[in-house]
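Worksheet for the structure shown next.
The values are calculated or read from the model by the stated rules, or taken from the named source; none is laboratory data. As the structure is a computational prediction, the values presented were derived from the model and not from experiment. Cβ placement follows ideal geometry from the backbone for every residue including glycine, while neighbour counts extend to all protein chains displayed. Each accessible area value is taken on the protein alone, full model and side chains, heavy atoms only, with ligands, DNA and RNA left out. Shrake-Rupley method; radii C 1.70, N 1.55, O 1.52, S 1.80 Å.
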Amino acid sequence: MRLPGDRRFAAAVRRLDRFIYDLIAARRAECRERGDLLSVLIQARDENGMPMSDRQLRDEIMTLFLAGHETTANALSWTCFLLAQHGEAEEKLSTELERELAGDGRMSAISLS
Ligand code: HEM
């Protein structure tokens, strides 16, 4: 039996798939070499000289997308949580950010408190 959660999950996978397949199609259509990971994967050949299919590329990108997204989001969430509990560390980080990013326009978007 399909539950509402299953439908939401399937819809989310379709949405991600569309995003990634569009990315692959756009990159395939481009003639210019970007030197990034997707270009490397598109140009890769196996021992028989065969390139990856769109499905294989999608699987590689999806793995990197999810592995990179969830871990980084978790690490940042726990960092913020711990900083909020340790005022002296938060103060030290704030000082370092102000020092290192002084004059950088993006600094105004960063606020720890
Ligand atoms: C704070 C950030 C991250 C943490 C804590 C983290 C942690 C880990 C750990 C512990 C593993 C080993 C899992 C295992 O073998 O049991 C792993 C594997 C992996 N991570 Fe990360 N990761 C982070 C960021 C990223 C990012 C940004 C990417 C890609 C953009 C990424 C892609 C991968 C991939 C593809 C593997 C599997 C490697 C393999 O064995 O073939 N990770 N990560």
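Only DSSP H runs of four or more residues enter the estimate; each adds -39500 (n - 2.57), and after division by the residues of the chain the mean residue ellipticity at 222 nm equals -24000 deg cm²/dmol. Rounded to the nearest 20 debye, the dipole magnitude of region 4-113 is 640 debye, with +1 charges on Lys and Arg beta carbons, -1 on Asp and Glu beta carbons, and the Cα centre as origin. Here the accessible area is traced with a 1.4 Å probe on the protein chains. For region 4-109, carbon and sulfur cover 58 percent of it.
Within the chain, the selection of entire DSSP H helices by a Cα span of 30 Å or greater along the long axis and an average Kyte-Doolittle value of at least -0.5 returns 4-29, 54-85.
Computed over protein heavy atoms with a 1.4 Å probe, the accessible surface of the chain works out to 80 Å² per residue.
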